[in-house]
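A.B. asks: Supplied in structure tokens, the structure appears directly below.
The values are calculated or read from the model by the stated rules, or taken from the named source; none is laboratory data. Fair warning: this is a prediction, and the values are worked out from it, not measured in the lab. Cβ sites come from the backbone with ideal geometry, for glycine too, and all protein chains shown count toward neighbours. We work out accessible area using only protein heavy atoms, side chains counted, and drop any ligands, DNA or RNA first. Shrake-Rupley method; radii C 1.70, N 1.55, O 1.52, S 1.80 Å.
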Amino acid sequence: MLVIHNNLEKLIDSKREAMPTSFNKTRFLQNCMTVLQDTKGIEQCDATSVARTMLKGAFLGLDFFNKECYAIVYGGQVQFQTDYKGEKKLAKKYSVRAVKDIYAKLVRKGDDFSEEIKDGQPTIQFKPLTFSDDEIIGAFAVCLFEDGGMVYEVMSTAEIESTRKNYSKQANGQAWTKSPGEMYKKTVLRRLCKNIELDFDTIEQAQAFEDSADMDFNKEVQPEKSKQASIIDAEFEVVANETEQE
């Protein structure tokens, strides 16, 4: 853990200009170490790759301890992934168009859900059965803007499962197997965010957000890592090597 701590601190210091203005390094490091101590299998992962993963949370101003994002160990590798509430936080903070509220809901068998376009404006109606644990038949996400506008996205269970099968980075990972409902909501919310213009402050933030998605919708079109991502990884490698030599 000490090696991970030192590597992460070195990376944070080297990328200080890419951090959010409200970033608190001491608290972030403490929270990261607390979370990693309870992360099963983390001791089998490369310390440098773990530090890089945690750094992505720092770029986005998300807290691992508050479960806004996660370091997930899968197949001996550690990967960065945002939680549903982390996605909401980022959309509200970085949307060019001011967001009043943004959320996603599960639709279960027996719930009353409808959508229509009336006078050129999209509307949805949702009346769920109280405390229902019935079969999930779909999910939807809604973004309400301060100017009164709205955008939304709807996905059936079949569509979400198809997306999971064809695009998920970890289709059988613990996020899907242990918290499928949250992943359903995150999937439809991330798709909704494609219709919301987000303006990140730095390249590092934009790349971390892209990396945080469980789904890689561009992998068939762009199977290779972007040039920006390659540059960032190269910078991390230099800093990590310097840390190991000290």
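A.B. asks: When the helix-only estimate is applied to the chain (DSSP H runs of n ≥ 4, each -39,500 (n - 2.57), divided by the residue count), what is the mean residue ellipticity at 222 nm, nearest 500 deg cm²/dmol?
C.D. replies: Value at 222 nm, helices only: -14000 deg cm²/dmol.
A.B. asks: If you don't mind, there's one more thing I want to ask. Cα-Cα over 28 Å: which of LYS10/LYS178; LYS40/LYS93; LYS67/LYS118; LYS40/LYS165?
C.D. replies: As for pairs spanning more than 28 Å Cα to Cα, those are LYS10/LYS178; LYS40/LYS93; LYS67/LYS118.
A.B. asks: Pull up all non-local amide H partners of LYS100: gap of 5 or more, or a different chain, and H-to-H distance under 5 Å with H placed in the peptide plane.
C.D. replies: Those lying under 5 Å, H to H, from LYS100 are LEU144, PHE145, GLU146.
A.B. asks: Which order do MET19, MET150, MET1, MET54 take by accessible area at a 1.4 Å probe, largest first?
C.D. replies: I get MET1, MET150, MET19, MET54, largest accessible area first.
A.B. asks: Quick one: Karplus J couplings for the range 128-139, per residue in order, coefficients 6.51, -1.76, 1.60, θ = phi - 60°, nearest Hz, x for Gly and Pro?
C.D. replies: x, 6, 5, 6, 7, 10, 5, 4, 7, 10, x, 8
A.B. asks: I would also like to ask the following. Testing the spin-label approximation: label points 7 Å from Cα along Cα→Cβ at LEU144 and GLU43. State their distance in nm.
C.D. replies: About 4.9 nm separates the two model spin labels.
A.B. asks: Take the alpha-carbon centre of the range 19-55, take the same for the range 102-152, and report the distance between them in whole Å.
C.D. replies: Each part's Cα centre sits 36 Å from the other's.
A.B. asks: As an exercise, identify the trypsin sites (Lys or Arg not before Pro) in the range 175-207 lying in DSSP coil whose Cβ has no more than 13 other Cβ atoms within 10 Å.
C.D. replies: LYS194
A.B. asks: Could you sort out which of LYS109/LYS186; LYS56/LYS194; LYS15/LYS92; LYS25/LYS56 sit more than 22 Å apart by Cα distance in this structure?
C.D. replies: Over 22 Å apart, Cα to Cα: LYS15/LYS92.
A.B. asks: What is the spin-label model distance, in nm, from ARG27 to GLU135 if the labels are put 7 Å beyond Cα along the C-beta direction?
C.D. replies: 4.6 nm
A.B. asks: Who wins for biggest fluctuation among GLY76, GLY86, GLY148 in a Gaussian network model of the chain, springs between alpha carbons below 10 Å?
C.D. replies: Result: GLY148 has the largest fluctuation of those listed.
A.B. asks: Which residues' amide hydrogens lie under 5 Å from the amide hydrogen of ASP111, considering only partners 5 or more residues apart or on another chain, with H built in the peptide plane?
C.D. replies: Under 5 Å from the amide H of ASP111 lie the amide H atoms of LEU129, each far enough along the sequence or on another chain.
A.B. asks: Separate question: Just flag the GluC sites (Glu not before Pro) in the range 114-209 sitting in loop per DSSP whose Cβ has no more than 15 other Cβ atoms within 10 Å.
C.D. replies: Answer by residue number: GLU135, GLU146, GLU197.
A.B. asks: Still on this model: Please list the non-local residues whose amide H lies under 5 Å from the amide H of GLY138, H modeled 1.01 Å from N, same-chain partners needing a gap of 5 or more.
C.D. replies: Excluding prolines and chain starts, which carry no amide H, the hits are VAL107, THR157.
A.B. asks: Among ASP13, ASP147, ASP199, which one moves the most in a GNM of the chain with springs linking Cα atoms closer than 10 Å?
C.D. replies: Result: ASP147 has the largest fluctuation of those listed.
A.B. asks: While we're looking at this one, here's another question. Using the Karplus curve 6.51 cos²θ - 1.76 cosθ + 1.60 with θ = phi - 60°, what ³J(HN,Hα) values do you get for each residue of the range 150-155, in whole Hz, with x for Gly and Pro?
C.D. replies: 8, 10, 8, 9, 10, 9
A.B. asks: Using each residue's phi in the range 67-72, evaluate 6.51 cos²θ - 1.76 cosθ + 1.60 at θ = phi - 60° and report the 3J(HN,Hα) Karplus result to the nearest Hz, with x for Gly and Pro.
C.D. replies: 6, 7, 7, 9, 9, 9
A.B. asks: Multiply the residue gap between GLN77 and ARG16 by 0.36 nm, knock off their C-alpha separation, and tell me the result in nm, one decimal place.
C.D. replies: So the extension gain works out to 19.4 nm.
A.B. asks: Between ALA98 and ILE196, what length comes free when the chain is fully extended (0.36 nm per residue of separation minus the Cα-Cα distance, one decimal in nm)?
C.D. replies: My answer for the length gained is 34.3 nm.
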